[in-house]
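Just so it is clear, none of the values below were taken in a lab; they were calculated from the coordinates. Note that this is a predicted model, so its numbers are computed, not measured. Here Cβ is always computed from backbone atoms with ideal geometry, including for glycine, and neighbour counts include all displayed protein chains.
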Amino acid sequence: MIIPFSNRSFMQVSFVVDDIHEAMEHWLNSAGIGPFFLVQGVTIEDQVYRGQPTQLDVSYALAQMGDIQLELVCQHNDTPSVYRDTVPAGTSGFHHMAIYTDNYDRDLAEYTATGAEVAFSGSFGGKRFCYADTSGTVGCMVELIEKNEAHDDFFARIRAAAVDWNGSDPIRPAF
């Protein structure tokens with residue numbers, strides 16, 4: 001039986017990378033994707049990895065490519081993580097697709113109803129996100145990001161910067 005998911009609007013693809021600066025340069029020079037907004041020293045609250053508290057040290061770089069946002073994720077510590085579950089340390093590869101949701105609890109319940117486990121959860125500024133482990137069925141994780149005003153503004157800045165981008169200022173601080 002096919003389960004009718006309420007939200008199938010994927011807005012982001014994400015790659016785990018070994019070197020975030022090198023990865024941004026590759027996307028800039030090989031695909032013309034940019035500018036990137038670099039998020040470093042981010043505080044993720046309430047981190048839980050497969051049911052256990054954890055503390056990840058990660059950087060993110062985000063850029064827009066048409067209707068889809070590109071995210072690069074670089075893990076800096078050796079903590080077991082949702083990122084290392086599918087992309088081993090020292091390598092780079094595709095990791096997840098994300099849905100930006102205004103009904104987080106409903107969308108999460110739909111994924112867990114299919115048997116997908118919550119591999120990681122946390123929050124930014126009190127707004128929740130998680131990764132449903134769909135790697136065994138669809139080949140990647142699915143991230144759910146709870147819609148909020150701060151993300152609305154940040155994602156709008158990323159989209160606006162990509163429109164008619166001329167290659168200047170290719171790597172920008174996120175905040």
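Output the antiparallel fraction of DSSP beta bridges having both residues in the range 76-175, as a percent to the nearest 5. Restricted to the range 76-175, the bridges split so that about 65 percent are antiparallel. Backbone amide hydrogens, once placed in the peptide plane, bring residue 127 within less than 5 Å of nothing, excluding anything fewer than 5 places away on its chain. So if we plug the beta-carbon distance of residue 67 and residue 45 into 1/(1 + (r/R0)^6) with R0 = 30 Å, what FRET efficiency do we get, rounded to 0.05? Rounded to the nearest 0.05, the efficiency is 0.50. Karplus-based coupling profile of the range 147-158, in residue order and whole Hz: 4, 7, 5, 4, 5, 3, 5, 5, 5, 5, 4, 5, with θ = phi - 60° in 6.51 cos²θ - 1.76 cosθ + 1.60 and x standing for Gly or Pro.
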